[in-house]
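The values are calculated or read from the model by the stated rules, or taken from the named source; none is laboratory data. The shown structure was predicted, so the numbers you read here are calculated from the model rather than taken from an experiment. Positions of Cβ are generated from backbone atoms using ideal geometry, with glycine treated the same way; all protein chains shown enter the neighbour counts.
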Amino acid sequence: MMPWRWMALGLLLLNIAAGFGFLLSDPVVETDAPDMPPLAADVNQPPLVSEVSQFEPDASQAPACYSIGPLPTLLAQQRGEDRLRAFVSDLRLRQTTADHDRGWWVYLSTSSRSEALQLTRELAEADVEDYYVVAGGEMENAVSVGLFQSIENARRRQARMQELGFNAQMEVRRERIPQFWIDYRVTPGDEPPWRFILRASPGAQRMSIPCFTTSGDNATREPSA
């Protein structure tokens, strides 16, 4: 017999042996997957996307509140109120006070009325003009020799008085002035004409503030701070 025939016979016998081995092995038993218990009723389940969007607040629909000021006069505040009232959902008026520099004051300090009068005679003899005696207040009996908007002019006046032999002093003068404000609230989509108010009152600004609610009349005038 040819060698290749022996090889073919050997392969055939191996295939027959493998087939008998497969038939004699234990069959594979398929088992069902265990049933998963249902979720308990008190377990929080993640909400659907549609449910989340339903309860989230829309920031674009929230009201916004602003304040305009400081306005220089009560008339400017009243005119601004007239412009805004038809465009806002709530409005209130406020008045505050602020320190304002009036300028630089040059003066001669004295301890009595008679000393002040003596200084005025000496000033007249030195050909000094524009002076007066303070009649009351914290600086009563002081002799004023000038009030200047520029500190350079005030210093020149002080130096001139000192050259003439007077002990001139200098300090900034302040006064409290009223300031007026308009606070208002708008709903989305409303655009009140606030720019006209700023153009009419140089120095005023529009700024965002926490929202407020007035009671009673739509415009509430608050007392001075």
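Of the residues making up segment 115-136, those that are more than 21 Å from R102 (Cβ to Cβ), charged (D, E, K, R) and in contact (Cβ under 8 Å) with a residue 12 or more places away in the chain are E115, E122. Scanning segment 161-176 for residues that are in contact with a Gly (Cβ under 9 Å, 6 or more places away or on another chain), within 30 Å of L71 (Cα to Cα), assigned to a strand (DSSP E or B) and acidic (D, E) turns up nothing.
Yes/no per residue for (1) in contact (Cβ under 8 Å) with a residue 60 or more places away in the chain; (2) out of contact with any Phe, Trp or Tyr (no Cβ under 8 Å at 6 or more places or on another chain):
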| position | (1), (2) |
| --- | --- |
| D82 | no, yes |
| L93 | yes, no |
| V106 | yes, no |
| S109 | yes, yes |
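If you go through segment 186-216 and pick out every residue that is in contact with a helix residue (DSSP H, G or I) (Cβ under 6 Å, 6 or more places away or on another chain) and in a loop (DSSP other than H, G, I, E, B), you end up with 6. One residue stands out among those in segment 174-201 that are among the basic types (K, R) and exposed (fewer than 14 other Cβ atoms within 10 Å of the Cβ): the one that is farthest from the chain's Cα centre (by Cα), which is R174. So is R121 modelled with pLDDT of 90 or more, under 17 Å from V172 (Cα atoms) and charged (D, E, K, R) or not? When the stated conditions are applied, R121 does not pass them. Of the numbered criteria (1) in a strand (DSSP E or B); (2) within 38 Å of the chain's Cα centre (by Cα), the one S144 fails is (2).
Inclusion of R121 among residues that are surrounded by fewer than 19 Cβ atoms within 10 Å (Cβ to Cβ), assigned by TED's automatic domain parsing to the domain that holds R206 and either in a helix (DSSP H, G or I) or touching a helix residue (DSSP H, G or I) at 6+ places or on another chain (Cβ under 7 Å) (or both) is not warranted. Quick check on A168: is it over 19 Å from R83 (Cβ atoms), in contact (Cβ under 8 Å) with a residue 60 or more places away in the chain and surrounded by 14 or more Cβ atoms within 10 Å (Cβ to Cβ)? Criteria met by A168. Residues in segment 137-152 that are touching a residue at least 12 places away in the same chain (Cβ under 8 Å) and either small (G, A, S) or more than 30 Å from M207 (Cβ to Cβ) (or both): M139, N141, A142, V143, S144, V145, G146, L147, F148, S150, I151.
If you go through segment 124-140 and keep only what is modelled with pLDDT of 90 or more, closer than 18 Å to R156 by Cα and not hydroxyl-bearing (S, T, Y), you end up with A126, D127, V128.
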